[in-house]
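The next block holds one structure in the form of structure tokens; read it before the comments.
The values are calculated or read from the model by the stated rules, or taken from the named source; none is laboratory data. Every value quoted in this text rests on a predicted model; they were computed, and no experiment measured them. No Cβ is skipped: glycine too gets one built from the backbone with ideal geometry, and neighbour counts run over all protein chains shown.
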Number of protein chains: 2
Amino acid sequence: METKNIGLRGIEIADTRISNIDGKKGKLIYRGFDILDLTKNSTFEETAYLLLYDRLPNKQQLDEFKAKLIDARYVPKQMQKNMGNWRKDADPMDMLQAFVAALAGYFDEEFADKESSYDRAINLIAKVPTIIASWHRIRNGLKIIEPDPSLSHAANFLYMMFGERPDPEVEKIFDVCLILHAEHTFNASTFTARQVASTRAHMYSASSAAIGALSGELHGGANTEVMKMLSEIGKIEKVEPWIKEKISKGYRIMGMGHAVYKTYDPRAQVLKELSRKLAEKTKEPWYGITEKVETTTISEMKLQKGIDIYPNVDLYSASIYYMLKIPVDLNTPIFAISRVVGWAAHIIEEKFAEAAPKPALYRPKAVYVGKYCGPEGCEYKTLDLRK
Amino acid sequence: METKNIGLRGIEIADTRISNIDGKKGKLIYRGFDILDLTKNSTFEETAYLLLYDRLPNKQQLDEFKAKLIDARYVPKQMQKNMGNWRKDADPMDMLQAFVAALAGYFDEEFADKESSYDRAINLIAKVPTIIASWHRIRNGLKIIEPDPSLSHAANFLYMMFGERPDPEVEKIFDVCLILHAEHTFNASTFTARQVASTRAHMYSASSAAIGALSGELHGGANTEVMKMLSEIGKIEKVEPWIKEKISKGYRIMGMGHAVYKTYDPRAQVLKELSRKLAEKTKEPWYGITEKVETTTISEMKLQKGIDIYPNVDLYSASIYYMLKIPVDLNTPIFAISRVVGWAAHIIEEKFAEAAPKPALYRPKAVYVGKYCGPEGCEYKTLDLRK
């Protein structure tokens with residue numbers, strides 16, 4: 001490798017007002033506010049407003065915002081019909097990427113002003129859960145369930161999935177999950193959204209691209225991998241030998257460790273408590289197994305490698321979604337239900353930030369290491385002379 | 001702006017064997033070969049093989065490759081039917097982004113090995129022209145024309161668009177256009193493709209994201225803007241006063257100037273000659289007008305601003321596509337027909353390069369410049385206390 005700046009790690013490329021991670025202190029701040037305050041006191045809708053508009057809404061602003069989201073939940077019937085033509089075993093992230101891009105074909109074009117971008121953001125945030133729930137019903141041969149305007153964003157998604165209104169405790173747990181995943185500064189999908197938006201592409205186009213990035217197993221796919229690990233382990237007595245063996249063989253334990261947090265990920269802290277509550281309620285073993293994975297990995301990594309390691313956001317979200325009866329392959333789409341808020345905020349910031357002039361788009365440099373036969377290129381042989 | 005590295009200009013982020021630009025000498029090299037040699041001696045299919053496989057094919061390799069492309073041209077009937085549900089005035093780039101992502105829902109899943117990626121690349125390169133031509137027919141209420149296996153990639157696209165087989169001269173001109181646009185190192189769309197692929201997302205997902213980036217008016221949209229300018233000018237006598245006025249008012253002239261080439265863009269040189277030939281054949285005024293735009297801009301920029309400026313790839317491609325009767329809003333989709341080869345090569349390189357270990361994905365750093373009330377965040381007021 002001859003290049004520097006590999007993976008762009010540590011390379012500062014833009015200003016943002018949207019969020020900040022203090023990796024040493026284990027703090028995540030959305031628009032100035034600690035996410036722990038938001039999970040305690042706010043809803044997903046309030047948090048979405050905060051991330052989009054850079055302020056917490058007052059009652060009237062929040063009511064208007066919620067009304068717009070509720071109105072925009074419906075997905076064109078024709079779109080749902082088109083989903084029926086997909087392979088039933090298609091990756092739901094592929095479906096989401098395609099149908100979010102397709103929103104541009106069903107709704108009016110985005111005007112180039114900031115206000116229109118907000119309208120598109122609301123349309124998108126409202127429709128992503130409906131797209132996912134529709135696909136869940138369709139691929140299982142079930143009737144699609146229309147959105148219920150009396151329900152919150154969190155409760156309505158679970159209702160469209162399962163046809164039952166969740167109880168308030170479950171609704172709150174899922175709502176907090178959505179708050180926690182909504183934004184995390186320049187991760188791979190958010191950077192993709194900004195990159196596409198920097199060419200002046202519109203909200204749907206940039207968000208669809210971000211879904212593509214999130215679909216990769218190294219990004220959003222990680223929480224799916226955690227659940228696969230938990231299922232493979234199966235019961236609490238098997239955790240210790242399983243983890244010890246994996247670590248001794250040099251494998252990474254999914255859901256443990258983070259590139260930015262050098263202490264306990266604050267999101268993991270909240271999710272751990274939610275997983276514990278849900279396990280109490282459902283009598284399922286997944287919290288216990290996950291907690292044992294955490295403690296065993298921490299002690300074994302210290303013992304075997306001398307490394308301090310902590311759970312990341314994926315460790316406990318996996319068991320929560322599983323106990324909510326969400327199919328494992330929808331974990332990443334659910335990540336998107338929440339993160340689309342962060343993407344939308346970043347797309348608007350990228351296109352309309354009132355900062356000093358900046359170049360039009362992100363265009364990094366590559367180092368050419370291929371064939372070189374001088375500045376005029378290699379000798380070209382016509383087809384008949386090639387071996 | 002507090003950040004450095006704005007727009008990632010000049011920041012080296014990866015090695016590549018695929019192409020190299022010598023901006024000072026005005027040279028563009030694909031896999032070691034000067035594009036001028038390729039446009040003179042090779043076809044689009046040969047060039048695609050070179051870009052994908054890092055070598056010029058021999059006769060047998062080329063025949064096999066062409067046969068695979070021809071077999072893969074067909075698009076599922078159901079997909080074409082779904083296009084009929086879009087707004088007829090939808091942006092064709094939106095349609096292309098959505099339907100390229102949707103390929104994942106109709107075809108078998110990509111296995112994680114390199115060979116499967118090549119198969120998906122061929123499927124994608126073969127189908128993009130069919131998707132675009134299908135949409136062109138559908139939105140105009142015309143019958144879709146099936147691919148003709150006896151035709152080259154270039155000729156078949158024009159045939160599917162218009163229902164007539166192009167004469168050899170027109171075919172050659174369009175083929176050279178495709179060769180010239182196939183690859184241009186880390187531009188915004190290619191970098192997007194690599195960014196998405198770096199999370200281990202698959203070929204269709206990463207290419208769909210790249211189409212999103214290309215759709216932005218600052219990237220692929222530029223050649224559309226050139227044709228709008230030429231139409232506005234309308235006749236050759238109006239060029240001088242129009243250009244002089246725009247330059248004196250500080251406007252940029254579309255199709256002139258490039259961030260990397262500091263001399264004549266080699267692609268513009270070839271395209272200029274093709275435009276001239278096509279104008280001779282069609283007796284249309286667009287070459288003459290474009291050439292006058294070039295010379296006037298060069299002399300006026302020197303006179304008024306003391307700046308040397310040269311045409312870029314968009315200046316002459318606009319008139320060529322117009323004389324080929326291609327609707328102006330398909331200029332950028334046609335760019336994609338060609339550039340999808342470069343994207344595919346970069347996606348494969350990003351995922352399977354045998355270079356030294358590199359980080360998993362691109363994750364740059366943002367500088368937080370938003371609200372800050374200390375490391376614990378700002379004071380949270382509950383909804384009832386907010387004004």
- request: Confirm whether A:Leu50 is touching a residue at least 40 places away in the same chain (Cβ under 8 Å) and under 21 Å from the mean Cα position of the chain (by Cα).
  value: no
- request: Answer yes or no: is there a residue in the range B:160-181 that is closer than 24 Å to B:Ala345 by Cβ, of a type in the set (A, V, I, L, M, F, W, C) and facing chain A (nearest Cβ under 8 Å).
  value: no
message: Looking at the range A:1-33 only, could you name the residues that are of a type in the set (D, E, K, R) and buried (at least 22 other Cβ atoms within 10 Å of the Cβ)?
response: A:Arg31
query: Take the residues of the range A:69-84 that are part of a helix (DSSP H, G or I), over 22 Å from the mean Cα position of the chain (by Cα) and more than 9 Å from every other protein chain (Cβ to nearest Cβ): which is farthest from B:Met79 (Cα to Cα)?
result: A:Asp71
Candidate set: the range B:210-232, residues that are closer than 15 Å to B:Ile347 by Cβ and in contact (Cβ under 8 Å) with a residue 40 or more places away in the chain; chosen: the one surrounded by the fewest Cβ atoms within 10 Å (Cβ to Cβ): B:Leu214
task: Would you tally the residues in the range A:318-363 being within 25 Å of B:His184 (Cα to Cα), in contact (Cβ under 8 Å) with a residue 40 or more places away in the chain and within 7 Å of chain B (Cβ to nearest Cβ)?
output: 4
- request: For the range B:16-68, name all the residues that are part of a helix (DSSP H, G or I), of a type in the set (Gly, Ala, Ser) and within 11 Å of another protein chain (Cβ to nearest Cβ).
  value: none
- prompt: Is there any pair linking a residue in the range B:142-167 that is within 19 Å of B:Phe335 (Cα to Cα) and modelled with pLDDT of 95 or more to one that is of a type in the set (Lys, Arg) and in a helix (DSSP H, G or I), with Cβ under 9 Å and at least six apart or on different chains, and which?
  reply: B:Ser152/B:Lys66; B:His153/B:Lys66; B:Ala154/B:Lys172; B:Met160/B:Arg137; B:Met161/B:Arg137
query: Can you name every residue in the range A:1-58 that is among the basic types (Lys, Arg) and touching a helix residue (DSSP H, G or I) at 6+ places or on another chain (Cβ under 6 Å)?
result: A:Arg31
message: Residues to consider are B:Ser317, B:Ser338; find the one that is in the same structural domain as B:Ala101 (by TED's automatic domain parsing), hydroxyl-bearing (Ser, Thr, Tyr), within 16 Å of B:Asp175 (Cα to Cα) and modelled with pLDDT of 90 or more.
response: B:Ser338
statement: Of the residues in the range A:50-84, those that are closer than 11 Å to A:Trp135 by Cα and surrounded by 16 or more Cβ atoms within 10 Å (Cβ to Cβ) come to A:Met79, A:Gln80, A:Asn82, A:Met83
message: Please determine whether any residue of the range B:362-378 is in a loop (DSSP other than H, G, I, E, B), surrounded by fewer than 20 Cβ atoms within 10 Å (Cβ to Cβ), modelled with pLDDT under 95 and on the phi > 0 side of the Ramachandran plot.
response: yes
task: Starting from the range B:248-265, take each residue that is at positive phi and list its partners that are part of a loop (DSSP other than H, G, I, E, B) and buried (at least 16 other Cβ atoms within 10 Å of the Cβ), counting only C-beta distances under 7 angstrom and pairs at least six apart or across chains.
output: B:Gly255/B:Asn312; B:Gly257/B:Ile309; B:Gly257/B:Asn312
statement: Filtering the range B:239-265 down to residues that are out of contact with any strand residue (DSSP E or B) (no Cβ under 7 Å at 6 or more places or on another chain), within 14 Å of chain A (Cβ to nearest Cβ) and under 18 Å from B:Ser317 (Cβ atoms) yields B:Arg252, B:Met254, B:Gly257, B:His258, B:Ala259, B:Tyr261
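Hydrophobic (A, V, I, L, M, F, W, C), at pLDDT 95 or above, farther than 19 Å from B:Asn85 by Cβ and surrounded by fewer than 24 Cβ atoms within 10 Å (Cβ to Cβ) - does that describe any residue in the range B:126-134?
Taking every residue of the range B:126-134 in turn, at least one turns out to be hydrophobic (A, V, I, L, M, F, W, C), at pLDDT 95 or above, farther than 19 Å from B:Asn85 by Cβ and surrounded by fewer than 24 Cβ atoms within 10 Å (Cβ to Cβ).
Given the structure, is A:Glu115 in a helix (DSSP H, G or I), more than 9 Å from chain B (Cβ to nearest Cβ) and in contact with a His (Cβ under 8 Å, 6 or more places away or on another chain)?
No, not satisfied.
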- prompt: Would a scan of the range B:191-203 turn up a residue that is in contact with a Pro (Cβ under 7 Å, 6 or more places away or on another chain), within 18 Å of A:Arg200 (Cβ to Cβ) and either not hydrophobic (A, V, I, L, M, F, W, C) or not assigned by TED's automatic domain parsing to the domain that holds B:Ser317 (or both)?
  reply: yes
task: Go through the range B:194-220 and give me each residue that's among the charged types (D, E, K, R) and within 7 Å of another protein chain (Cβ to nearest Cβ).
output: B:Arg200, B:Glu217
field: Subset of the range B:341-360 that is out of contact with any strand residue (DSSP E or B) (no Cβ under 9 Å at 6 or more places or on another chain) and at pLDDT 85 or above - its residue that is surrounded by the fewest Cβ atoms within 10 Å (Cβ to Cβ)
entry: B:Phe352
field: Unmet criterion (only one of (1) touching a strand residue (DSSP E or B) at 6+ places or on another chain (Cβ under 8 Å); (2) within 11 Å of another protein chain (Cβ to nearest Cβ); (3) surrounded by fewer than 24 Cβ atoms within 10 Å (Cβ to Cβ)) for B:Asp384
entry: (1)
